[in-house]
């Protein structure tokens, strides 16, 4: 009996020694809301938190309607913040203009030479991207303080009245935008607008994504599929030529999923102009409703982002102008091609390209568009 007791004790001892402690999983980390408590343009800036029942979390400030953080699970149940951004409002105000996570308007993307006409009246805009107008001008919607109301733990509503001739655009444009973090792990962005004078509108959202986690290396190995057989080639200033070119047999082809970096360094005129991908894709749409625009998969974490939209186009940007000069929320430098953007939109320079889908909004019309980022993991 004594030997049996010793044997059992020895087995228990060895079992206890070999038993490993469970590895702690990464969980979402809230940014301190007081880092965003300030007054800009006589309006209060606040950081809001949205949650869903799966544990996903996003924090959004009404300064620029900016998505500051977005925490979603990987295949092992770990959470990472997958969007680039800063920990304080001061960094958003003082750092070089990158549009991290911001709402963009009145016109997302470029307008050639900052000019367009409506009913034979020419309007002039700021030329803030070399000789062209970009993302609403010197002070676009990314730099205004939106009126905010958190409707529930899932939904944040933002409103802004863009006055007639703000940044050169005609008409008082009344805008409502809702961010919703659904229980289906979707970040839904819904836009409404009306005007009292004929104008142009092309609103979008400008988050920079790295599905490994912000600051965690390049996005060259992300597998990208875009539901588009055509794109809009650009000239040397990144203005579309007007052509709807086929992607087939070119490095621009993402009709079958491939690594974002697989062709990015090819000696190809369009990639040389953009220093990588910075192009509008013409989405395949069977209806005017919402449909799949793109799907991005990150193999190591297993994270998947599906993009759905009512818009006719999506701008793929491969972080070509990130250079490591800026460090983000984790104090990690945001290096060259360490994030990608997929901005759902009407096409760049549409006001000056009649064959492109119209961006004109009349006083008796309502602007409405929806984009959904749906997150899941590989099985």
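Scanning segment 281-320 for residues that are under 21 Å from residue 259 (Cβ atoms) and either at pLDDT below 95 or touching a strand residue (DSSP E or B) at 6+ places or on another chain (Cβ under 8 Å) (or both) yields a total of 23.
Do we have residue 4 as closer than 21 Å to residue 179 by Cβ and either at pLDDT 95 or above or surrounded by fewer than 21 Cβ atoms within 10 Å (Cβ to Cβ) (or both) here? The answer is no for residue 4. Every listed requirement among (1) farther than 24 Å from residue 69 by Cα; (2) under 22 Å from the mean Cα position of the chain (by Cα); (3) surrounded by fewer than 23 Cβ atoms within 10 Å (Cβ to Cβ) is met by residue 160 save one, (1). The residue that is farthest from the chain's Cα centre (by Cα), counting only those in segment 192-204 that are in a loop (DSSP other than H, G, I, E, B) and within 17 Å of residue 313 (Cβ to Cβ), is 201. Counting only strands (runs of 3 or more DSSP E) wholly contained in segment 29-75, the ones carrying 2 or more residues that are within 18 Å of the chain's Cα centre (by Cα) occupy 47-51, 57-61, 66-73. Taking (1) farther than 28 Å from residue 111 by Cβ; (2) buried (at least 22 other Cβ atoms within 10 Å of the Cβ) in turn, residue 377 satisfies each apart from (2). Which residues, taken from segment 88-108, are within 23 Å of residue 212 (Cα to Cα) and either in contact with a helix residue (DSSP H, G or I) (Cβ under 6 Å, 6 or more places away or on another chain) or modelled with pLDDT under 95 (or both)? Scanning segment 88-108 gives 88, 98, 99, 102.
Taking residue 330, is it in a loop (DSSP other than H, G, I, E, B), modelled with pLDDT under 95 and surrounded by fewer than 15 Cβ atoms within 10 Å (Cβ to Cβ)? Yes.
The values are calculated or read from the model by the stated rules, or taken from the named source; none is laboratory data. Every value quoted in this text rests on a predicted model; they were computed, and no experiment measured them. No Cβ is skipped: glycine too gets one built from the backbone with ideal geometry, and neighbour counts run over all protein chains shown.
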